[in-house]
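Colleague: First the structure, which I've put down as structure tokens, then a few questions once you've had a look.
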Amino acid sequence: MPLTKAKGNMYDWCTHTHTHLGGVCSHKCKYCYVQAMERRFGGGRYTGELCLIEKEFDIHYGKGRTIFIEHCNDLFAKAVPDEWIERILAHTCEWPDNEYVFQTKNPARMDLFRDKMPPRRLLGVTIETADADVAIMVSKAPTPYDRYWEMKEMSNRKGERTFVTVEPILRGPAAALGGMIRDIAPEFVNIGADSKGTDLDEPTGEAVEKLIDTLRAYNVPIRKKVNLERLLA
Ligand code: SF4
């Protein structure tokens with residue numbers, strides 16, 4: 001996959017995306033848009049065993065871009081070997097005049113690789129709900145509390161620039177989720193809803209409004225995805 005211009009439902013603040021990992025992400029989220037795409041087209045690059053795609057290391061990243069790395073997998077999932085992560089990060093370090101976006105559901109492992117990352121970076125965590133019982137029904141990723149705790153440490157104690165993604169938003173206590181995000185003190189929070197018609201345990205519009213009001217009260221900048229309108233209607 002060449003360096004690709006970000007499009008579709010991707011973050012509109014990223015200019016490009018790029019992946020080196022193929023195969024299925026081990027978090028196996030029920031709502032995974034990558035796997036939905038693979039099912040639709042009968043399987044492809046993100047089907048089968050996790051693998052490293054060698055030709056992707058030849059890509060020139062240029063400069064002046066905001067590049068989301070591994071948007072079709074979780075680079076810091078347990079199943080990804082250390083050497084693969086190191087090689088991918090080394091590739092980004094060869095092109096330091098860009099900003100790189102790394103997003104994970106396993107920030108504890110992301111933390112272990114910070115000294116191998118390029119200097120200009122923005123680190124993201126996905127927390128779809130504060131309710132662990134709801135989260136466990138849709139993903140094999142670490143619990144929302146674990147994600148929160150590790151990201152808070154990176155943001156507050158280790159001085160990383162961070163963001164939080166609440167997408168797809170799931171049912172759960174809005175006040176608790178708002179409090180977690182306040183503690184992380186991210187540069188912004190992205191909120192979006194499922195757009196693939198997955199049968200998810202979603203919040204009511206009222207609960208979404210409550211989360212938004214809570215975050216506004218804490219002065220957390222909010223970036224709402226258009227797909228959130230379905231729940232707010
Ligand atoms: S972490 Fe991301 S890429 Fe991995 S299964 Fe979940 S949604 Fe898909």
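The values are calculated or read from the model by the stated rules, or taken from the named source; none is laboratory data. Given the structure is predicted, the values throughout are model-derived calculations rather than measurements. Cβ placement follows ideal geometry from the backbone for every residue including glycine, while neighbour counts extend to all protein chains displayed. Quick note on the areas: whole protein, heavy atoms, side chains included, nothing else; ligands and nucleic acids left out. Shrake-Rupley method; radii C 1.70, N 1.55, O 1.52, S 1.80 Å.
Colleague: Return the FRET efficiency for the residue pair GLU94, ARG157: r is the Cβ-Cβ distance, R0 is 41 Å, and the value is rounded to the nearest 0.05. Please list the in-between numbers first.
Modeller: On the way: r = 29 Å, r/R0 = 0.71.
My answer for the efficiency is 0.90.
Colleague: Something else now. Can you give me the accessible area per residue for the chain, using a 1.4 Å probe, in Å²?
Modeller: Here the residues of the chain average 47 Å² of exposed surface.
Colleague: Hey, another quick one. Run lengths n ≥ 4 of DSSP H only: what is the helix-derived mean residue ellipticity at 222 nm for the chain, with -39500 (n - 2.57) per run over all residues, to the nearest 500?
Modeller: Dividing the helical sum by the residues of the chain leaves -8000 deg cm²/dmol.
Colleague: Nearest 20 debye, what's the magnitude of the dipole of the stretch 101-171 about its Cα centre given +1 on Lys and Arg Cβ and -1 on Asp and Glu Cβ?
Modeller: Computed about the Cα centre, the dipole is about 360 debye.
Colleague: Spin-label point model (7 Å from Cα, Cβ direction): what's the GLU86 to ALA175 distance in nm?
Modeller: Going by the 7 Å Cα→Cβ label model, 4.8 nm.
Colleague: Each label point is 7 Å from the Cα along the Cα-to-Cβ direction; what then is the distance between the points at MET37 and ALA217, in nm?
Modeller: The answer from the label model is 3.9 nm.
Colleague: Take the chain, drop everything but the C-alpha atoms, weight them equally and run the Debye formula without solvent; then report log10 I(q)/I(0) at 0.07, 0.08, 0.18 Å⁻¹ to two decimals.
Modeller: Results for the chain at q = 0.07, 0.08, 0.18 Å⁻¹ read -0.21, -0.27, -1.51.
Colleague: Dipole size in debye (nearest 20) for the stretch 4-232 around its Cα centre, Lys and Arg Cβ +1, Asp and Glu Cβ -1?
Modeller: In total the dipole reaches around 360 debye.
Colleague: Where both partners of a DSSP beta bridge lie in the stretch 4-232, what percent of those bridges are antiparallel, to the nearest 5?
Modeller: Working: 4 of 26 bridges.
In the stretch 4-232, DSSP labels about 15 percent of beta bridges as antiparallel.
Colleague: What's the ranking of 30-36, 91-97 by average number of surrounding C-beta atoms within 10 Å, highest first?
Modeller: 30-36, 91-97
Colleague: Among all the aspartates and glutamates, which ones have a C-alpha under 20 Å from LYS63's C-alpha, if same-chain residues fewer than 8 places away are not counted?
Modeller: The reachable aspartates and glutamates, counting only those whose Cα sits under 20 Å from LYS63, are ASP12, GLU94, ASP97, GLU99.
Colleague: Where a Cα-Cα gap under 23 Å defines reach, which lysines qualify for LYS105, not counting those fewer than 8 residues away within the same chain?
Modeller: LYS7, LYS28, LYS30, LYS78, LYS116, LYS140, LYS152, LYS158, LYS196, LYS224, LYS225
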